[in-house]
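S.K.: Have a look at this one before I ask anything.
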Amino acid sequence: MQVWRETCRRHRHIAELLAGLLMAATMFDVAVAGEIVDIQLVIAADVSTSMDAEEKALQQRGFVEAFRRPEIIEAIAAGRTGRIAVTYVEWGGDGQRRLVIPWTIITNEMDSWLFSLKLEESSPAKISRGTSISGILSYADHLIRSSGYEATRSLINISGDGVNNKGRDVMPVRAGVLARGITINALPIVYGGLPGNEEEAISPENLLAYFRSEVIGGPGAFAEPVAAPEEYSPAIYRKLLREISSMSEIAAVGVRPGIAALWRAIVTTPD
């Protein structure tokens, strides 16, 4: 653990120096029409008022840490083109969202660390007016269709701690997204909320069942639940590694056996 912390500190110091040098020129690659990537991934983070400040901070920290993990960076490099496009958006009620990081190309360790640093600089928003899963799915669909990339796979990574209670019904919006070949994966936050939670009471089992039956969909779709506050980082890491990795892509490139074994262990774990 101590070695890991020292490695993180060292890498962060290097990344901050690089960020300072590169910030004045450009921080991220921008979309080029027709540019080919292995994945275009929309990370849609729930910051509705049912999420308290600690939960939102833990959620954001989970994504920051994940993009610094060597396994994630290696999985990106293992793709056929070795590049993915990622955007990060926060959401709440119908039409209520904030684009935190626009489409960003990640190809290597520096790109991944710069993405994580940019996310770390942002304070999670507080977006009210309920929970509109249909609204964020529609917006994520728009982001993918207008990205300018040609992707082997298109994914929406949506977190949430409640059911859709604002805006359109989820099912027709979801159907439209799936019809365009986009996969929807979920990070259901299924442990109990705090007093004053605006969502209707729902058991962890029923919330997970809801995300599995009415939210996720598409090739290889899955839900990775967060069952306790300390589970944010492990769950987000597992989810991203599973989304970014593809055994066909790994086999084509010939990545080292360790990452392939880890991937197999993750995808064979029941949802």
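Please treat every number below as a calculation from the coordinates, not as lab data. This is a predicted model, so every value here is computed, not measured. Note: ideal-geometry Cβ built from the backbone for every residue, glycine included; neighbour counts use all protein chains shown.
S.K.: Go through the range 74-90 residue by residue and turn each phi into a ³J(HN,Hα) via Karplus (6.51, -1.76, 1.60, θ = phi - 60°); whole Hz please, and just put x for glycine and proline.
M.R.: Computed from phi, the couplings for the range 74-90 are 5, 5, 4, 5, 6, x, 4, 9, x, 8, 10, 10, 10, 9, 10, 10, 9 Hz.
S.K.: Can you put Trp91, Trp113 in order, fewest other beta carbons within 10 Å first?
M.R.: Ordered by Cβ neighbours within 10 Å, fewest first: Trp113, Trp91.
S.K.: While we're on this one: Mind ordering 223-234, 46-57 by average Cβ neighbours within 10 Å, highest first?
M.R.: With the highest mean Cβ count within 10 Å placed first, the list reads 46-57, 223-234.
S.K.: How long is the gain from Ala175 to Leu99 if the chain were fully straight, where each residue apart is worth 0.36 nm and the alpha carbon distance is subtracted?
M.R.: Using 0.36 nm per residue and subtracting the Cα-Cα distance, I get 25.0 nm.
S.K.: What distance in nm separates the simple spin-label points at Lys126 and Ala227, each placed 7 Å from Cα in the Cβ direction?
M.R.: 3.2 nm
S.K.: To continue, here is another question. Around Arg174, under 13 Å between beta carbons, what's the net of Lys plus Arg minus Asp minus Glu among the other residues?
M.R.: 0
S.K.: I've got another one for you. Calculate one ³J(HN,Hα) per residue across the range 123-128 by plugging θ = phi - 60° into the Karplus curve 6.51 cos²θ - 1.76 cosθ + 1.60, and present them in order as whole Hz with x for glycine and proline.
M.R.: Result, ordered by residue: 8, x, 7, 10, 10, 9 Hz.
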